[in-house]
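One structure is given below, represented as structure tokens, and several questions about it will come after.
The values are calculated or read from the model by the stated rules, or taken from the named source; none is laboratory data. Nothing here was measured: the structure is a model prediction, and the numbers come from that model. Positions of Cβ are generated from backbone atoms using ideal geometry, with glycine treated the same way; all protein chains shown enter the neighbour counts.
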């Protein structure tokens with residue numbers, strides 16, 4: 001019976017010693033081994049065996065983690081009290097410094113973020129703080145990364161979740177936004193009306209220019225048509241005159257016929273609307289023509305009372 005109890009006790013002691021000496025480190029962890037209170041080594045993931053009751057292992061999570069910064073009251077440079085909410089993302093780079101250089105990393109980084117939030121946003125006006133979140137995030141990340149480097153961590157990014165101004169400031173901002181939108185609407189409408197008026201004026205100008213050019217081209221075409229018609233008419237008259245003169249020359253007219261035509265033309269000249277009648281300047285030629293006509297009339301054969309001419313009677317008697 002005693003032997004059984006001893007064996008059970010030895011088995012329990014062996015089990016406890018084995019559990020205390022065998023350690024498993026996950027892939028995202030690193031192990032810090034301390035021997036009798038002193039740092040001995042940093043081990044990688046896997047199965048590790050240590051001396052029980054002599055060595056102690058501390059596991060350090062190397063994954064990226066997030067710290068939520070509690071609400072922080074900040075006074076901006078234009079004396080507006082705002083509530084700021086932020087989060088900090090970090091990852092461990094040196095597990096030894098993370099364990100031995102800072103006692104409570106979470107509290108330390110939270111307080112550090114709150115302090116720098118007051119410093120960064122306190123130097124800005126409210127409008128700039130609300131619209132320049134990317135710049136605030138970058139400045140906070142640089143400050144926190146530099147400050148936490150000695151703690152064996154790297155600040156990946158800092159995000160401002162929201163900034164809450166007081167209710168009266170929010171109402172004033174809403175009123176300002178509505179007024180600005182109304183102003184933009186009025187400016188846009190006025191600009192549209194101006195552009196429409198300019199467009200209509202340009203349209204009327206172009207229409208007037210096109211109408212004037214059309215009238216000009218019409219007048220030019222009409223004048224060209226009249227000119228062509230007059231040229232054709234003159235050419236027709238000239239052709240008619242040429243034909244008349246050609247016919248006259250082919251008929252070989254005598255001076256008597258020309259004088260007779262001249263006398264026939266005089267009544268038409270006298271019946272005109274003109275108050276003056278122009279006669280040929282060569283009076284001798286006119287007198288000669290009239291003399292020729294008179295001679296023609298005096299030498300013309302006289303008609304007998306029985307209707308026959310003397311010349312015909314002479315020919316009959318001789319026969």
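So, in the range 80-93, how many residues would count as being over 26 Å from residue 29 (Cβ atoms) and surrounded by 14 or more Cβ atoms within 10 Å (Cβ to Cβ)? Write out each step before concluding.
Initial filter on the range 80-93 (over 26 Å from residue 29 (Cβ atoms)): 80-86.
Okay, now just the ones that are also surrounded by 14 or more Cβ atoms within 10 Å (Cβ to Cβ), so 80, 82, 84-86.
The number of residues fulfilling the criteria is 5.
Given the options 97, 118, name the one that is modelled with pLDDT of 90 or more and either in contact with a helix residue (DSSP H, G or I) (Cβ under 7 Å, 6 or more places away or on another chain) or in a helix (DSSP H, G or I) (or both).
Values: 118 fails: modelled with pLDDT of 90 or more.
97 is the lone residue from the list that is modelled with pLDDT of 90 or more and either in contact with a helix residue (DSSP H, G or I) (Cβ under 7 Å, 6 or more places away or on another chain) or in a helix (DSSP H, G or I) (or both).
Consider residue 150 against the criteria (1) loosely packed, with under 12 Cβ neighbours inside 10 Å; (2) not assigned by TED's automatic domain parsing to the domain that holds residue 73: it satisfies all of them except one. Which criterion is unmet?
Failing condition for residue 150: (2).
Separate question: Taking the range 151-167 only, how many residues are at pLDDT 90 or above and in a helix (DSSP H, G or I)?
Result for the range 151-167: 1.
Any residue in the range 69-83 that is on the phi < 0 side of the Ramachandran plot and assigned to a helix (DSSP H, G or I)? First the steps, then the outcome.
Filtering the range 69-83 for residues on the phi < 0 side of the Ramachandran plot gives 69-78, 80-83.
Still in the list and also assigned to a helix (DSSP H, G or I): none.
So far as the range 69-83 goes, no, none of its residues is on the phi < 0 side of the Ramachandran plot and assigned to a helix (DSSP H, G or I).
What tally of residues in the range 41-67 results from selecting those that are surrounded by 12 or more Cβ atoms within 10 Å (Cβ to Cβ), touching a helix residue (DSSP H, G or I) at 6+ places or on another chain (Cβ under 8 Å) and free of Cβ contacts under 8 Å to residues at least 40 places away in the same chain?
5
So residue 135 ticks every box in (1) surrounded by 20 or more Cβ atoms within 10 Å (Cβ to Cβ); (2) under 30 Å from residue 174 (Cβ atoms) but one. Which box is left unticked?
Result: residue 135 passes all but (1).
Please work out which residue is farthest from the chain's Cα centre (by Cα), limiting yourself to the range 68-79 and to residues that are farther than 19 Å from residue 108 by Cβ and buried (at least 17 other Cβ atoms within 10 Å of the Cβ).
Once the filter is applied, the top-ranked residue is 74.
Residues checked against (1) outside any loop (DSSP other than H, G, I, E, B); (2) touching a residue at least 24 places away in the same chain (Cβ under 8 Å); (3) more than 29 Å from the chain's Cα centre (by Cα); (4) farther than 30 Å from residue 103 by Cα:
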site: 169; (1), (2), (3), (4): yes, yes, yes, yes
site: 178; (1), (2), (3), (4): yes, no, no, yes
site: 209; (1), (2), (3), (4): yes, no, no, yes
site: 222; (1), (2), (3), (4): yes, no, yes, yes
site: 231; (1), (2), (3), (4): yes, no, yes, yes
site: 242; (1), (2), (3), (4): yes, no, yes, yes
